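Enquirer: Here it is: the structure, laid out below.
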């Protein structure tokens, strides 16, 4: 028979959760600002991979990277934010880092970027599972 124990996070765990949120936000927020400032280029890039409605895709990318990136940073609605960001990140890996379908000269870099996106999604899912820590708006 399995037993479960519940422990209260300590200050070190809360600090690590905060640092983790800062580091992930460090990736997303500047990317969102770059997409916002270079909207036409973002639309062109999305269009270049053949996705429909590139303007809508660019707006979604900005929303996820900038708005949800800030929400993750401050720990607001962290679990739902992290799930949405994880889904977006896996989708970005699948649509923009198709290492299996590029010339050999590009394969390694695209595979690295694909794998990084998958790893980032894993980190986001950990926030969905365990919450943002006490140093957050959610305080969990």
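Enquirer: From 66, 51, 72, 36, grab the single residue that is out of contact with any strand residue (DSSP E or B) (no Cβ under 7 Å at 6 or more places or on another chain) and not in a helix (DSSP H, G or I).
Expert: Numbers: 66 fails: not in a helix (DSSP H, G or I); 72 fails: not in a helix (DSSP H, G or I); 36 fails: not in a helix (DSSP H, G or I).
Just one listed residue meets the conditions, 51.
Enquirer: For residue 121, indicate whether it is under 30 Å from residue 13 (Cβ atoms), part of a helix (DSSP H, G or I) and in contact with a helix residue (DSSP H, G or I) (Cβ under 8 Å, 6 or more places away or on another chain). Before the answer, list the steps.
Expert: Values: under 30 Å from residue 13 (Cβ atoms): yes; part of a helix (DSSP H, G or I): yes; in contact with a helix residue (DSSP H, G or I) (Cβ under 8 Å, 6 or more places away or on another chain): yes.
So residue 121 passes the test.
Enquirer: Regarding residue 83, is this residue surrounded by 15 or more Cβ atoms within 10 Å (Cβ to Cβ) and over 19 Å from residue 30 (Cα atoms)?
Expert: Numbers: surrounded by 15 or more Cβ atoms within 10 Å (Cβ to Cβ): yes; over 19 Å from residue 30 (Cα atoms): yes.
Considered against the rule, which asks whether it is surrounded by 15 or more Cβ atoms within 10 Å (Cβ to Cβ) and over 19 Å from residue 30 (Cα atoms), residue 83 comes out as yes.
Enquirer: Can you find a residue in the stretch 15-30 that is more than 30 Å from residue 136 (Cβ to Cβ), exposed (fewer than 14 other Cβ atoms within 10 Å of the Cβ), without any contact (Cβ under 8 Å) to a residue 60 or more places away in the chain and out of contact with any strand residue (DSSP E or B) (no Cβ under 7 Å at 6 or more places or on another chain)? Full working, then the answer.
Expert: Keep residues of the stretch 15-30 that are more than 30 Å from residue 136 (Cβ to Cβ), which gives none.
No, the conditions are met nowhere in the stretch 15-30.
Enquirer: What residue, among those in the stretch 46-60 that are out of contact with any helix residue (DSSP H, G or I) (no Cβ under 8 Å at 6 or more places or on another chain) and under 13 Å from residue 96 (Cα atoms), is surrounded by the fewest Cβ atoms within 10 Å (Cβ to Cβ)? Even if it seems obvious, please write down each step before you answer.
Expert: Our first condition is that a residue be out of contact with any helix residue (DSSP H, G or I) (no Cβ under 8 Å at 6 or more places or on another chain); within the stretch 46-60, this holds for 48, 50, 52-53, 56, 59.
Filter once more, keeping what is under 13 Å from residue 96 (Cα atoms): 48, 50.
Values: 48: 10, 50: 8.
Here the residue is 50.
Enquirer: Out of curiosity, is residue 124 buried (at least 19 other Cβ atoms within 10 Å of the Cβ) and closer than 30 Å to residue 48 by Cβ?
Expert: Working: buried (at least 19 other Cβ atoms within 10 Å of the Cβ): yes; closer than 30 Å to residue 48 by Cβ: yes.
For residue 124, the condition - buried (at least 19 other Cβ atoms within 10 Å of the Cβ) and closer than 30 Å to residue 48 by Cβ - is met.
Enquirer: Any residue at all in the stretch 96-115 that is within 26 Å of residue 130 (Cβ to Cβ), free of Cβ contacts under 8 Å to residues at least 60 places away in the same chain, in a helix (DSSP H, G or I) and within 15 Å of the chain's Cα centre (by Cα)? Explain how you work it out, then say what you get.
Expert: Looking only at the stretch 96-115, we keep the residues that are within 26 Å of residue 130 (Cβ to Cβ), and these are 114-115.
Then keep just the ones that are free of Cβ contacts under 8 Å to residues at least 60 places away in the same chain; that gives 114-115.
Subsequent filtering for residues that are in a helix (DSSP H, G or I) retains 114-115.
Next, from what is left, pick out any that are within 15 Å of the chain's Cα centre (by Cα): 114-115.
Within the stretch 96-115, one or more residues are within 26 Å of residue 130 (Cβ to Cβ), free of Cβ contacts under 8 Å to residues at least 60 places away in the same chain, in a helix (DSSP H, G or I) and within 15 Å of the chain's Cα centre (by Cα).
Enquirer: Please state which of the following conditions residue 101 fails to meet, knowing it meets all the rest: (1) surrounded by 14 or more Cβ atoms within 10 Å (Cβ to Cβ); (2) at pLDDT below 95; (3) farther than 28 Å from residue 9 by Cα.
Expert: (1)
The values are calculated or read from the model by the stated rules, or taken from the named source; none is laboratory data. From a predicted model like this one, the values you see are computed outputs, not experimental measurements. With ideal geometry, Cβ positions are generated from the backbone for all residues, glycine too; neighbour counts draw on all protein chains shown.
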